[in-house]
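K.L.:
What follows is a structure written as C-alpha cells; I'll ask about it next.
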C-alpha cells in the first residue's frame with residue numbers, strides 16, 4: 001500500500017505536463033502517477049488504489065507513446081478498476097464518445113463515482129478538467 005496519489009492514464013506528453021501543472025496548483029503535496037499503457041496500469045495500480053485521491057482515464061492510447069505494439073485502452077482499465085471498486089472520484093477524459101459512455105457505464109454498474117470531462121477546446125484541461133478536479137478534491 002502507498003500513500004495517497006492521483007492516478008492517470010494518458011499517453012500525450014503535452015497533456016501530461018498540463019495535468020501536472022494544474023495538479024501542482026490544486027494539491028501540491030499529492031504525487032501524480034502516470035501510465036501511458038493500459039496493461040501496465042492494470043498490472044501496477046492495485047497497491048495505489050486504497051489511498052488514491054483521484055483517477056483520470058483517457059481511452060485511445062498511441063502505441064508509439066511507449067514503443068508498444070498494443071498499449072491497450074481505457075475501457076480495459078475501467079473494467080479492471082470497476083472490479084476493484086475504488087473509493088475515490090474517477091474522471092474519464094477521452095474524446096471517444098462511445099467508449100467514454102462504456103467506461104462510465106462500467107463504473108456506474110460497480111457503484112463508483114465517475115464523471116466525464118470531454119476534451120473540448122484548446123484549454124479544456126485548464127478550464128474544465130481543473131474545475132472538476134478542484135470540486136472533487138475539496
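K.L.:
Run through the DSSP bridge list for the chain and note the antiparallel percent, rounded to the nearest 5.
P.N.:
Numbers: 1 of 16 bridges.
Expressed as a percentage, antiparallel bridges in the chain total about 5.
K.L.:
Can you give the translational diffusion coefficient of the range 21-126 in µm²/s, computed by Stokes-Einstein from the Kirkwood radius over Cα pairs at 20 °C and 1.002 mPa s?
P.N.:
The Stokes-Einstein estimate is 150 µm²/s.
K.L.:
Suppose only helical runs count, i.e. DSSP H with n ≥ 4. What mean residue ellipticity at 222 nm does that imply for the chain under -39500 (n - 2.57) per run, divided by all residues and rounded to the nearest 500 deg cm²/dmol?
P.N.:
For the chain, the value works out to -11500 deg cm²/dmol.
K.L.:
At 0.36 nm per residue, and after removing the present C-alpha to C-alpha distance, how many nm does the segment from residue 14 to residue 126 gain when stretched out fully?
P.N.:
Details: separation 112, 0.36 × 112 = 40.32 nm, distance 1.26 nm.
Result for the pair: 39.1 nm of gain on full extension.
K.L.:
Let me ask another. Could you work out how much longer the chain between residue 137 and residue 84 gets when fully extended? Use 0.36 nm per residue separation minus the Cα distance between them, nm to one decimal.
P.N.:
Taking 0.36 nm per residue and subtracting the Cα distance, the gain is 17.0 nm.
K.L.:
Want the number for residue 70 to residue 44: 0.36 nm per residue separation, take away the alpha-carbon distance, what's left?
P.N.:
7.7 nm
Bear in mind that the values in this text are calculations on the coordinates, not laboratory data. Not measured: the values here are computed from a predicted model.
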